[in-house]
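All of the numbers you see were taken from the coordinates with simple rules; none came from a lab. All figures in this text were calculated on a predicted structure; none of them were measured in a lab. No Cβ is skipped: glycine too gets one built from the backbone with ideal geometry, and neighbour counts run over all protein chains shown.
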Amino acid sequence: MNLLVDAGNSWIKWALASGQRLETRGKFRHRDDDPAQLAEQAWGRLSPPARMLVSNVAGAALADGLSAWAVRHWQLQPVFLRAGREAAGVTNAYPIAEQLGVDRWAAMIAAWHGAGDAVCVVDCGTAITLDLVDPAGRHRGGLILPGIRLMQQALCAQTADLRVPDCDQAPVLLANGTAAAIGSGCRFAVAAAIDRLARDVGISAGLQPDVILTGGDASIVAPLLTIAARQDSDLVLKGIAILAGER
């Protein structure tokens, strides 16, 4: 078994995988917490995996903490993946390949393998990323915009006497309170941006890509879209599993 780890800006998702089949899964929030302690809580009772492969966009401190724990408990040095020029049939559009976020790279690879055709991958996390891959596996490039919570926090931080709204509250098109208006406005803004951008990137490339949503806020955004889209919460982990088979 391999331990696959998707370390995002706020959450760590993980799975034990046999080949490309994901088995046991879990996730935990890591912001401002000791990564070694979190690793102990999540993986302390697991048998040592054959390999530990990590997609990390959360910084060096988290990587160091996870590495120290894995070496101490399993005598295992994690493999920290990076975007490359080409992998598993997908070609990177970035002139400097490593500058592409490894989570975006893994998600694109998994989405393209799953669709077998053009895909537009939208990762709805702390930031929202959108990437287009054509039927031949060529990454055409992408876009990045603030996520829902980041948008809300920025507005409330720069405006007096506003509180960050509860993201669990259902959005309404015409709100009758300030917090509800902020929460709904940011969610509809994100959904409208995804609707427009997914259409535009397909038109500009002469494609009709499948749109696949992933990330922690995908389930919040999906009901507000007018375009057809499907959700896959394990897209990055599936991409890591494919990359593992390449190593």
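Brief remarks on what is shown
- Here the Karplus curve 6.51 cos²θ - 1.76 cosθ + 1.60, taken at θ = phi - 60°, turns the phi angles of the stretch 77-93 into couplings of 8, x, 9, 9, 6, 9, 5, x, 5, 7, 7, 6, x, 10, 10, 7, 7 Hz, with x standing for Gly and Pro.
- Structural descriptor for the stretch 19-116: relative contact order 23 percent, calculated from alpha carbon pairs under 8 angstrom and at least 6 residues apart.
- Viscosity 1.306 mPa s, temperature 10 °C, Stokes-Einstein D of the stretch 32-164 from Kirkwood C-alpha radius, µm²/s: 93 µm²/s
- By average C-beta atoms within 10 angstrom, highest first, the peptides 106-115, 191-200: 106-115, 191-200
- Kyte-Doolittle at least -0.5, axis length at least 27 Å by Cα - qualifying DSSP helices, the chain: 178-205
- The chain, relative contact order [Cα under 8 Å, separation at least 6], %: 19 percent
- Computed helical MRE - 222 nm, the chain, DSSP H runs ≥ 4 contributing -39500 (n - 2.57), nearest 500: -12000 deg cm²/dmol
- Taken one residue at a time, the phi angles of the stretch 122-137 give Karplus couplings (6.51, -1.76, 1.60, θ = phi - 60°) of 10, 9, 9, x, 4, 10, 10, 10, 9, 9, 10, 10, 7, x, 7, x Hz. Gly and Pro are set to x.
- Compactness of the stretch 2-80, expressed as Rg and Dmax over alpha-carbon positions, Å: 11.3, 33
- Put a plus charge on the Cβ of each Lys and Arg, a minus charge on the Cβ of each Asp and Glu, and nothing anywhere else: the dipole of the chain about its Cα centre is then about 280 debye.
- Selection of chymotrypsin sites (Phe, Trp or Tyr not before Pro), the stretch 1-59, meeting DSSP coil and at most 12 other Cβ within 10 Å: none
- Measuring nothing but how far apart in sequence close Cα pairs (under 8 Å, 6+ apart) lie, relative to its length, the stretch 18-76 scores a relative contact order of 39 percent.
- Overall shape of the chain was characterised from the C-alpha gyration tensor. The equivalent ellipsoid obtained from it has semi-axes of 31, 25, 14 Å, in decreasing order.
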